[in-house]
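The values are calculated or read from the model by the stated rules, or taken from the named source; none is laboratory data. As the structure is a prediction and not an experimental result, all values here were calculated from the model. All Cβ positions, glycine included, derive from the backbone under ideal geometry; neighbour counts span all protein chains shown.
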Amino acid sequence: MNYDIIVIGSGPGGYVTAIRAAQLGFKTAIIEKENLGGICLNWGCIPTKALLKSAQVFKYINHAEDFGLNKVEGSFDFPNVIQRSRGVANRMSKGIEFLMKKNKIDVIFGTATVKKGKKVSVEKKDGGVEEFSAEHIIIATGARSRELPNLPQDGKKVIGYRQALSLPNQPKSMIVVGSGAIGVEFAYFYATMGTKVTIVEFMPNIVPVEDEEVSKHLEKSLKKAGIEIMTNASVEAVDTTGNGVKANVKTAKGNVTLEADIVLSAVGITANIENIGLEEVGIQTDRGRILVNEWYQTSVPGYYAIGDVIPTQALAHVASAEGITCVEKIKGLSVEKMNYGNIPGCTYCLPEIASVGLTEKQAKEKGYEIKVGKFPFSASGKATANGDNDGFVKVIFDAKYGEWLGCHMIGNGVTEMIAEAVVARKLETTGHEILKAVHPHPTLSEAVMEAVAAAYGEVIHI
Ligand SMILES: Cc1cc2nc3c(=O)[nH]c(=O)nc-3n(C[C@H](O)[C@H](O)[C@H](O)COP(=O)(O)OP(=O)(O)OC[C@H]3O[C@@H](n4cnc5c(N)ncnc54)[C@H](O)[C@@H]3O)c2cc1C
């Protein structure tokens, strides 16, 4: 065998897996067909946050007067904003190169296909093919933008997230189809920079996985920011023959035609399971994802899969945690199974959203008797000083045992606050323990303590 472990794909699943494997003493290689860092660093988490930061700074500049400063007319060159985002992504990708060297991981560039007998064949960019073998092969090939049959992406007028991150010119108008985290983040970015944005969402609420109160609040905030929102609506067909795009949208009140320069399809992802040898090796898939057990073993011994390519939450931190769990189990360490009920989810538009655990509706459906507490940022000294007090913290506890069932926040800065709830839930902390843990003043985090206090009828500042 050439290696103890070969990892295919270098996203936050693959590269983190490779580093942990190397730390555990495994001779490790990683194979990547594009850029180190995968979607997350190159076309996902990081470049979107760079764009959103530009939008936030632009917004602050245009609201200088709100902070007692002189009025300024902010302006920008769109290509420079895109270039900054690409630069941030490239820097992060270079960082992974450094980490691979530091951990003595062999990086093999090329397209990998798994073979029987624990082998991997790699087609290099120059056309050459090389074969490698390993005791354990970990598939972390990730996913790509999902294409709907009635919304085929041509990359120009009907685009996916890659094009949305690298448009040469700013569109005057854009229809965003799908209002999950990705759709909403792009909608917010483009709208803040001056594009007329319409969101079309199939479900009754935008950000449909979130607690209903959070979804409703975000809808109000985005509408206030000038974004048009259509819920219970679906794009039936697009016509790209004219100057822009005409989208035929089915609504409860009948069909309407929307016109825009560009349509961004943000309707989810499709796992990269094609042409990687799964059929030849006999690795089972189900509904487009690789089937694994709780230790990420596929149906064939010696082959594993983690990250967006398996049917768990498609998030970078999930992919990384799965990879670490997978190699630690291979090493024979005493490992805890992942708790998918305690995975935080964040959306980085403004106001941001951060949540973990059950929504109020889910908690009720599960039969819990619940205590709910809510604290608005309008009552927070820090949020008011920040000039940004839109949003709230909502907490849900089991009335009987005090278990913290769910935490749902909306507001500027909440994505940095959700870890408190994640750690507390991991440690099975009760509401009273949170209440008695003194939070620093003035911080946004006090809103968590106050929301918990509200749940127990002890809130101070409202
Ligand atoms: C616009 C956008 C924003 C996002 N924002 C967030 C966020 O804020 N927070 C968050 O947690 N998640 C976010 N995500 C999701 C996150 O990017 C993914 O969950 C994460 O990248 C999955 O990691 P992965 O390692 O499974 O796969 P990927 O990151 O997709 O990496 C897979 C890698 O495998 C390579 N590969 C594929 N096939 C082969 C092959 N045959 N041979 C060799 N290499 C191959 C690919 O080139 C790629 O580099 C976002 C996604 C998008 C699209």
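Here GLU274 clears all of (1) outside the structural domain of VAL120 (by TED's automatic domain parsing); (2) of a type in the set (Asp, Glu); (3) without any contact (Cβ under 8 Å) to a residue 40 or more places away in the chain except the condition numbered (1).
Just name the residue that is nearest to LEU167 (Cα to Cα) out of those in the range 217-273 that are part of a strand (DSSP E or B) and among the polar types (S, T, N, Q).
The initial filter retains those residues of the range 217-273 that are part of a strand (DSSP E or B), namely 228-230, 234-239, 245-251, 254-260, 262-265, 269-271.
Next cut, among the polar types (S, T, N, Q) only: 234, 248, 251, 255, 257, 265, 270.
Values: SER234: 25, ASN248: 24, THR251: 30, ASN255: 30, THR257: 24, SER265: 14, THR270: 22 Å.
Applying the filter and picking the extreme gives SER265.
Only strands (runs of 3 or more DSSP E) whose full extent lies in the range 104-163 are considered here, and the ones with at least 1 residues that are away from the ligand (no atom under 12 Å from the Cβ) are 106-109, 111-115, 119-123, 129-139. Within this structure, SER85 passes the test of being within 15 Å of the ligand (Cβ to nearest atom) and in contact with a Pro (Cβ under 9 Å, 6 or more places away or on another chain).
Among the residues examined, GLU65 qualifies as more than 23 Å from SER320 (Cα to Cα) and either under 26 Å from the mean Cα position of the chain (by Cα) or not small (Gly, Ala, Ser) (or both). Pairs under 9 Å by beta carbon, first residue over 24 Å from ALA455 (Cα atoms) in the range 384-397, partner surrounded by fewer than 18 Cβ atoms within 10 Å (Cβ to Cβ), six or more apart or different chains? Matching pairs, first to second residue: ALA385/PRO442; GLY387/TYR60; GLY387/HIS63; GLY387/ASP66; GLY387/PHE67.
Taking the condition of being within 16 Å of the ligand (Cβ to nearest atom), crowded, with 17+ Cβ neighbours inside 10 Å and of a type outside the set (Ser, Thr, Tyr), how many residues in the range 319-342 meet it? Steps first, answer last, please.
Of all residues in the range 319-342, those within 16 Å of the ligand (Cβ to nearest atom) come to 319-327, 338, 340, 342.
Still in the running and crowded, with 17+ Cβ neighbours inside 10 Å: 319-327, 338.
Filter once more, keeping what is of a type outside the set (Ser, Thr, Tyr): 319, 321-324, 326-327, 338.
Qualifying residue count for the region: 8.
The set of residues in the range 3-52 being more than 10 Å from the ligand (Cβ to nearest atom), closer than 26 Å to ARG86 by Cα and among the β-branched types (Val, Ile, Thr) consists of ILE19 alone.
Could you check the range 194-216 and list, in sequence order, the residues that are in a loop (DSSP other than H, G, I, E, B), out of contact with any His (no Cβ under 9 Å at 6 or more places or on another chain) and crowded, with 17+ Cβ neighbours inside 10 Å?
First, pick out the residues of the range 194-216 that are in a loop (DSSP other than H, G, I, E, B): 194-195, 201-211.
Now narrow it down to the ones that are out of contact with any His (no Cβ under 9 Å at 6 or more places or on another chain): 194-195, 201-209.
Result: THR195, GLU201, ASN205, ILE206, VAL207.
Consider the range 100-133. How many of its residues are surrounded by 14 or more Cβ atoms within 10 Å (Cβ to Cβ) and in contact with a helix residue (DSSP H, G or I) (Cβ under 6 Å, 6 or more places away or on another chain)? Working first, answer last.
So the first thing to find is which residues in the range 100-133 are surrounded by 14 or more Cβ atoms within 10 Å (Cβ to Cβ), and the list is 100, 103, 105-115, 118-123, 132-133.
Adding the requirement that they be in contact with a helix residue (DSSP H, G or I) (Cβ under 6 Å, 6 or more places away or on another chain) leaves 103, 105, 107, 114.
Counting residues in the range 100-133 that are surrounded by 14 or more Cβ atoms within 10 Å (Cβ to Cβ) and in contact with a helix residue (DSSP H, G or I) (Cβ under 6 Å, 6 or more places away or on another chain) gives 4.
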